1. Between Leu64, Leu104, Leu48, find the one with the highest GNM mean-square fluctuation for the chain; connect C-alpha pairs within less than 10 Å.
2. With a cut-off of at most 10 other beta carbons within 10 Å, and DSSP calling the residue loop, which trypsin sites (Lys or Arg not before Pro) in region 11-88 qualify? Please list them.
3. Springs between alpha-carbon pairs under 10 angstrom, Gaussian network model over the chain: which of Ala133, Ala94, Ala50 fluctuates most?
4. Only helical DSSP H runs with n ≥ 4 go in: add -39500 (n - 2.57) per run for the chain, normalise by residue count and round the 222 nm mean residue ellipticity to 500 deg cm²/dmol.
5. Loop only per DSSP, at most 15 neighbouring Cβ atoms within 10 Å: give me the chymotrypsin sites (Phe, Trp or Tyr not before Pro) in region 1-93, ordered by residue number.
6. If you place +1 on the Cβ of every Lys and Arg, -1 on the Cβ of every Asp and Glu, and leave all else neutral, what size is the dipole of region 93-142 about its Cα centre, to the nearest 20 Debye?
7. Show the residues, 5+ positions off or on another chain, whose built amide H is closer than 5 Å to the amide H of Leu32.
8. Could you tell me which residue out of Cys36, Gln126, Val61 lies farthest along the dipole of the chain toward its positive end? Charges go on the beta carbon: Lys and Arg +1, Asp and Glu -1, centred on the Cα centre.
Amino acid sequence: MAGKTFPWTTALVPWADGPQYTRGVHDGLPLLSFGCAPRDKLATYRQLRAMGLRPNGCDPVAVLYGRHNRSGKTWFASLYLIANAAPVRPMTPAKWTALAKANLARRICCTCGKDPLYVVPTSTHQCWKCFEANENEQNGQAA
Ligand SMILES: [Zn+2]
């Protein structure tokens with residue numbers, strides 16, 4: 001299927017003053033062909049994450065499309081305004097507390113109830129002292 005599927009049109013876009021060249025409209029958003037999107041103003045979700053940013057609840061402002069060379073299929077990607085993006089949420093104190101509690105629970109030996117200062121194996125939930133004592137006991141019985 002050769003030919004211009006997406007003809008060039010000019011449209012007003014949120015990331016620039018004045019009309020910009022786009023490839024029409026896709027899902028109600030300006031459509032941009034690969035290589036035409038301003039990389040300093042627009043980014044895909046993955047590109048935002050790579051910059052330590054998140055869309056901040058904002059909807060994508062444009063759709064990027066490209067052609068996969070080998071399969072010849074057209075792909076689409078949502079583009080977000082970098083200006084509207086916010087830093088990825090830092091860990092809150094409550095989150096740290098929850099994490100510390102979870103880690104502490106993983107360190108408590110279920111036999112002696114002590115914290116051996118390392119994460120006990122999930123298979124036994126015992127510290128090595130108790131595990132070894134248990135093993136020796138079993139071996140002693142077997143012998
Ligand atoms: Zn123990």
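A short reminder: the numbers here are calculations on the coordinates, not readings from a lab. Bear in mind the structure is a predicted one, so any value in this text is a computation, not a measurement. Backbone-built Cβ (ideal geometry, glycine too); neighbour counts: all protein chains shown.
1. Residue with maximal mean-square fluctuation among Leu64, Leu104, Leu48: Leu104.
2. Details: sites: Arg23, Arg39, Lys41, Arg46, Arg49, Arg67, Arg70, Lys73; in loops: Arg23, Arg39, Lys41, Arg70, Lys73.
Within region 11-88, the qualifying trypsin sites (Lys or Arg not before Pro) (loop, at most 10 other Cβ atoms within 10 Å) are Arg39, Arg70, Lys73.
3. Highest fluctuation among the options: Ala133.
4. Working: 3 runs with 34 residues, N = 143.
-7500 deg cm²/dmol, from helical runs alone.
5. Working: sites: Trp8, Trp15, Tyr21, Phe34, Tyr45, Tyr65, Trp75, Phe76, Tyr80; in loops: Trp8, Trp15, Phe34.
Of the chymotrypsin sites (Phe, Trp or Tyr not before Pro), the ones in loops of region 1-93 whose Cβ has at most 15 other Cβ atoms within 10 Å are Trp8, Phe34.
6. Its charge dipole is roughly 400 debye.
7. Long-range HN contacts for Leu32: Arg23, Val63, Leu64, Tyr65.
8. Farthest towards the positive end: Cys36.
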